[in-house]
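Written out below as structure tokens is the structure these notes cover.
The values are calculated or read from the model by the stated rules, or taken from the named source; none is laboratory data. Keep in mind that this is a model prediction, so the values were computed, not measured. Cβ sites come from the backbone with ideal geometry, for glycine too, and all protein chains shown count toward neighbours.
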């Protein structure tokens, strides 16, 4: 007796179940189970809505990108302004320090 025969005997019921389940999926369905016009129209409406949603999302993404770029530009300008103000504070602090030193020297004399 070949070694594969017991294996075939144990798997044959499962193979028949698989084939019995799979064959209806590959056969044509009767006309009664075809989609009715209402379902077809609903599918078309859903596809149209999905397309519109995708276009809206694309538009929102473009607007969001422009907003982020605007925020980045504003942040760069603000950083330049902060740097300028820091330099101005340093300059005014140095001028104040010089004024204090001159005042102390004037008081000492």
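Conditions tested, residue by residue: (1) assigned to a helix (DSSP H, G or I); (2) surrounded by 10 or more Cβ atoms within 10 Å (Cβ to Cβ); (3) under 20 Å from the mean Cα position of the chain (by Cα).
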| position | (1), (2), (3) |
| --- | --- |
| 65 | yes, yes, yes |
| 74 | yes, yes, no |
| 79 | yes, yes, no |
| 83 | yes, yes, no |
| 88 | yes, yes, no |
| 96 | yes, yes, no |
| 99 | yes, yes, no |
| 107 | yes, no, no |
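Kindly indicate which of 51, 40 is at pLDDT below 90 and either in contact with a helix residue (DSSP H, G or I) (Cβ under 8 Å, 6 or more places away or on another chain) or surrounded by 10 or more Cβ atoms within 10 Å (Cβ to Cβ) (or both). Steps first, answer last, please.
Values: 51 fails: at pLDDT below 90.
Exactly one of 51, 40 is at pLDDT below 90 and either in contact with a helix residue (DSSP H, G or I) (Cβ under 8 Å, 6 or more places away or on another chain) or surrounded by 10 or more Cβ atoms within 10 Å (Cβ to Cβ) (or both), namely 40.
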